[in-house]
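Below is one structure, written out as structure tokens, with a few remarks after it.
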Amino acid sequence: MKAYLDNNATTMPAPEVVDAMMPYLGAEYGNPSSFHTFGSSVMPALESARASVAALIGASDASRVFFTSGGTESDNWALKSGCSIDPGRPGIVTTTVEHPAVLETARHLGETGHPVGLAAVTPEGSLDLDSYRLLLGPSVGVASVMAANNETGVLMPLAEAASLARAEGVLFHTDAVQAVGKIPIDVDRMGIDMLSLSGHKLHGPKGVGALFVRAGIALPPFMHGGHHEGGMRAGTYNVPGIVGLGRAAELALEAMEEERAVVTALRERLEQGILATCPGAMITSGAAPRLPNTVNIIFRGVESESILTLLDMQGISASSGSACSTGSRDPSHVLLAMDVDRNCANSAIRFSLSRYTTAAEIDFVLEVLPGIIARLRSISPYA
Ligand SMILES: Cc1ncc(COP(=O)(O)O)c(C=O)c1O
């Protein structure tokens, strides 16, 4: 038996996505930017993918969805170009719990002279709107608040954050990489100016994503070169990836409501099972609105690395947080920002489910995990 519960790191490409991509990995290899029919006949597939992505995020103008190489590129583009539109507004405001794709970009911009403000979060991991409001002002060009946190699943008050930014004339960007496809997002209704998404987090392929940029925003291109994407993003189109992303977006939209209910029920089964069988386990952000698929649990007195190793030996894939922190023993910046103490932050495990998670996988974790925790507790100097 195996259990894959690390879907916030990456998801299984849906079989329908793979099927949709196959022709473009083979016979349909034309370059959509070519003059000849063999290449240009591929363009409608790209435009159809664009429309599917736009529909998933509630963008009425599909032409404002630009394909990128993924969430990291989209975040870099939004921040680096967003704070260069108006020389009088060089500042950036973001939060302490962003993914490194945003935080490291902001840090880099800070080193190159852009003032950077980091808004605090509440102990539950949600944006502290007072702290955020105080940072917005006439010298800020762009504010970036993630839609859902990748480690805790906490949903941020996006519409409020967007409206506060707009009231100050600040462009509002959201890294919605973990939210898109899992919960309804509507850029028009929520007042979002720019939104990043990524294919491989929603059962699409890796290495493809998109940035939505509201019409009227003169966002300078980030990648320079040919005139692809109306001059907004240079580089030969990743046709199979884009087609796969489009199909993944369609499937996500079709299945979202049903999937939310099923995944939430499985997550609750996991949470309740763990709380009942692992004494001292604590759910992080348990009271906050969260993604249906994510739970972060602290097993006080036991190191997450040891838990993950023993789970892996039994065929269970989970994580201690963002995949990018793997390999480093630093406690999660997200949990530290929530005032979780260092020892507890070093004892946190994230389980993230998907539409393909089965009850048998959850039951397998519940069968294996209590023994692992008890065994590690019995040899832990901290327990
Ligand atoms: C919230 C968030 N933003 C950005 C990224 C980066 O996306 P990509 O892997 O497509 O570059 C991730 C990936 O883990 C993420 O969770």
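The values are calculated or read from the model by the stated rules, or taken from the named source; none is laboratory data. Given the structure is predicted, the values throughout are model-derived calculations rather than measurements. Reconstructed Cβ throughout: ideal geometry from the backbone, glycine too, with neighbour counts over all protein chains shown. Note: accessible area is taken over every heavy atom of the protein model, side chains too, but ligands, DNA and RNA are not part of it. Shrake-Rupley method; radii C 1.70, N 1.55, O 1.52, S 1.80 Å.
Annotations
- Projecting the Cα atoms of G225, V65, P100 onto the charge dipole of the stretch 15-251, computed from C-beta unit charges around the Cα centre, puts G225 farthest toward the positive end.
- Unit charges at the beta carbon, dipole of the chain: most positive-side option, N346, H203, L127: N346
- Rounded to 10°, Cα long-axis angle of helix 304-313 versus longest principal axis of the chain: 90
- Distance between modelled label sites at E160 and M282, nm, 7 Å Cα→Cβ extension: 2.4
- Carbon and sulfur %, accessible surface of the chain computed with the full protein complex present, 1.4 Å: 57
- Average Cα contact separation per residue, the chain, under 8 Å, 6 or more apart, as relative contact order %: 23
- √(5λ) per eigenvalue of the Cα gyration tensor, the stretch 15-251, largest first, Å: 31, 19, 14
- If you run the Gaussian network model on the chain, springs between alpha carbon atoms under 10 Å, then out of S81, S40, S69 the most flexible one is S40.
- Residue (of V17, S40, Q178) at the positive-pole extreme of the stretch 15-251, dipole from beta-carbon charges: S40
- Size of electric dipole in the stretch 223-267: Cβ of Lys, Arg +1 and of Asp, Glu -1, about Cα centre, debye, nearest 20: 220
- Taken about its Cα centre, the chain carries a charge dipole of about 280 debye when Lys and Arg each add +1 at the Cβ and Asp and Glu each add -1 at the Cβ.
- Formal net charge of residues neighbouring T72 (Cβ-Cβ distance under 11 Å; K, R +1; D, E -1): -4
- Average accessible surface area per residue within the stretch 15-251, 1.4 Å rolling probe, Å²: 36
- GNM flexibility winner over the chain from A255, A348, A54 (Cα, springs under 10 Å): A255
- Approximate spin-label separation A167-S33, in nm, with each point projected 7 Å along Cα-to-Cβ: 4.3
- Residue of S48, S320, S144 that the Gaussian network model of the chain assigns the largest fluctuation, springs spanning Cα pairs under 10 Å: S48
- Cα-based reach from K2 at 30 Å (exclusive), listing lysines while leaving out same-chain residues under 8 positions away: K182, K201, K206
- Cα-Cα separations in the stretch 234-372 greater than 22 Å, expressed as whole percent: 46
- The slack between A359 and E111, meaning 0.36 nm per residue of separation minus the straight C-alpha distance, is 84.5 nm.
- CD proxy at 222 nm, helix term only [per DSSP H run n ≥ 4: -39500 (n - 2.57); per residue of the chain; nearest 500]: -12500 deg cm²/dmol
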